[in-house]
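Just so it is clear, none of the values below were taken in a lab; they were calculated from the coordinates. This is a predicted model, so every value here is computed, not measured. Reconstructed Cβ throughout: ideal geometry from the backbone, glycine too, with neighbour counts over all protein chains shown.
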Amino acid sequence: MALYKHIPNTITSMNLLSGVMGVIFTLEGHLEWAFPLMILAAVFDFCDGLAARLLGAYSPIGGELDSLADLVSFGVLPALMLYKVQPLDAPAILRYIPLFVAVMSAVRLAKFNVDERQTLDFIGLPTPSCAMVCGSLAYFLHAGGGVPEGACVWLLDAVAIVLGLLLVSEIPMFGMKIKKGHKLLDAKRIAFLVLSLAAVLAVVLLRFDWSLAVLAVFSAYVVENLVLAAINSFRRAA
């Protein structure tokens, strides 16, 4: 095999390495490093597919490696970050609920690998989007976000349960990757880009922590897809 054919898998391996390092920093209590590593993993996750398409270097091993890397970077890492910011005096059963995200991420990725409907868009919440919501929220709380400890437990558990269920749901969600034959800029994607820009500007102008911009962008993605799914469901029922 030509050397360039290994480039996509090398990039995927960097995704995995970033995720593993993020897990280590999380366990050591350094979420200020773990979250940037998650973002770096997402960059590698975007680039490996792009490289595979540009180089024509698809392989069955590459697809499996991508899922394994995503499970660590966007399943285990965000679950541990949510777990780590739980108040230490929270009941044990509540502290472990965020690990639900890791389990559902594994199920989500397994379904994705055998689901031929998800060639362009997605069925269920993509693991990177789920991870960005979890990671940005955990980072914000770690950095001193103004959420009372009593409410923090219930907030984190609710986020973990809702996102975990969305991961394995049958709700259609649009993708943002550039693929041949894929109309990237339609109304729903333009609306998402506008919402994202507004969120980033609001965070900058109000001088909030930068993690809130990430949280707002990916929360907007989740909410927009849920609204679109509700509208389409209503139209079919009408």
Rounded if a/c is under 1.5, else prolate if a/b beats b/c, else oblate: with a ≥ b ≥ c from the C-alpha gyration tensor eigenvalues square-rooted, which is the chain? oblate
Non-local residues with an amide H under 5 Å from the amide H of residue 171, with H modelled 1.01 Å from N and Pro and chain starts lacking one, are 124
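Place the peptides 65-75, 21-31, 186-196 in order of packing, highest mean first, counting for every residue the other Cβ atoms within 10 Å and averaging per peptide. Intermediate results must be reported in sequence, preceding the final value.
On the way: 65-75: 23.2, 21-31: 18.5, 186-196: 13.5.
Put in order of decreasing packing, that is 65-75, 21-31, 186-196.
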If each DSSP helix of 4+ residues adds -39,500 (n - 2.57) and the sum is divided by the residues in the chain, what number results at 222 nm, nearest 500 deg cm²/dmol? -23500 deg cm²/dmol
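Any idea what the relative contact order of region 30-116 is, in percent, if you count C-alpha pairs under 8 Å spaced at least 6 apart?
Here the relative contact order equals 28 percent.
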Please compute the length gained on full extension between residue 33 and residue 154, using 0.36 nm multiplied by the number of residues separating them and subtracting their Cα-Cα distance. 41.1 nm
Taking only the C-alpha atoms, wrap a convex hull around region 1-74 and report its volume per residue in Å³ as a whole number. 68
Amide H contacts under 5 Å for residue 208, placed H, 5+ residues apart: none
Segment residue 229-residue 117, length gained on full extension (0.36 nm per residue, minus Cα span): 38.7 nm
Run the numbers for residue 89 and residue 200: contour at 0.36 nm per residue of separation, minus the present Cα-Cα distance, in nm. 36.5 nm
Projected label distance in nm at residue 143 and residue 193, using a 7 Å step from Cα toward the beta-carbon: 2.6
